[in-house]
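Worksheet for the structure shown next.
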Amino acid sequence: MSSTPGLRERKKEETRQAVHQAALRLAIEHGLDNVTVEAIADAANISRRTFSNYFDGKEDALLYGDEQRLGTLVRRVREQPAGRTAWRALREALAGLYDEFETSDRELHLRARLAMRHPSLLARQLASRVRLEQDLSRAVAEREQPGDAAPELVTAAFLAALRIAVQWWCAEDETRTLRELTDRSLDQMALPFT
């Protein structure tokens with residue numbers, strides 16, 4: 001059985017991407033508060049009804065891909081070899097995530113800045129991060145070994161380091177890549193634990 005998506009699934013993904021790109025472009029050009037679902041649908045060359053088949057609202061269209069990436073991160077933590085510390089498993093899973101997804105730093109940067117300026121978008125991101133923290137904590141707990149730090153603490157420290165890396169990155173106008181700053185933040189966060 002092939003793991004390659006069929007034509008129908010590829011078309012759905014193309015539509016999701018087109019809607020996401022239209023939402024991002026319009027939010028950057030006009031500000032999120034001045035963008036309607038109808039405008040996004042028009043820009044993506046789909047009907048309002050088709051938009052609703054894919055997304056609940058403009059915030060979901062803007063944040064498209066986050067849920068997929070976060071789910072992949074949890075799966076990758078579970079796939080890490082036994083015997084690795086929770087911290088190393090999280091870092092290796094994240095490194096694999098960077099390699100797997102092709103989202104540009106530029107797009108991530110724009111979305112991060114939009115979220116910081118718009119409470120409705122930030123609220124969606126925060127709700128997603130709460131679910132991620134719970135899912136990651138469970139994945140870390142599944143691999144727990146005697147003497148390991150509490151899964152919730154390791155996960156919270158890991159996610160705090162990621163959040164700080166994004167803040168640094170947005171503040172310095174992309175002089176370094178998000179991956180570089182994430183590695184720096186995670187290295188510094190790990191110092192007290194090593």
Within the stretch 37-136, which chymotrypsin sites (Phe, Trp or Tyr not before Pro) sit in a loop by DSSP and count at most 14 neighbouring Cβ atoms inside 10 Å?
101
Fraction of the pair-distance distribution of the stretch 58-190 above 19 Å, Cα-Cα pairs, percent
50
With the dipole of the stretch 1-55 worked out from charges on the C-beta (+1 for Lys and Arg, -1 for Asp and Glu) around the Cα centre, which of 37, 23, 54 lies farthest toward the positive end?
54
Residue-averaged 222 nm ellipticity for the chain, from DSSP H runs of 4+ at -39500 (n - 2.57), nearest 500:
-24000 deg cm²/dmol
Report, to one decimal in Å, the Kirkwood hydrodynamic radius for the stretch 1-85 based on all distinct Cα pairs.
14.6
Computed over the chain: longest principal axis from alpha-carbon atoms vs helix 151-171 long axis, angle to nearest 10 degrees, is 50
I need the Debye-formula profile for the stretch 121-194: one equal scatterer per C-alpha, no solvent, reported as log10 I(q)/I(0) at q = 0.13, 0.14, 0.17 1/Å, two decimals.
-0.46, -0.52, -0.74
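Since every read-out is calculated from the coordinates, none of them should be taken as a lab result. Values in this document were obtained by computation on a predicted structure and should not be read as measured data. Note that we place each Cβ from the backbone using ideal geometry, even for glycine, and neighbour counts take in every protein chain shown.
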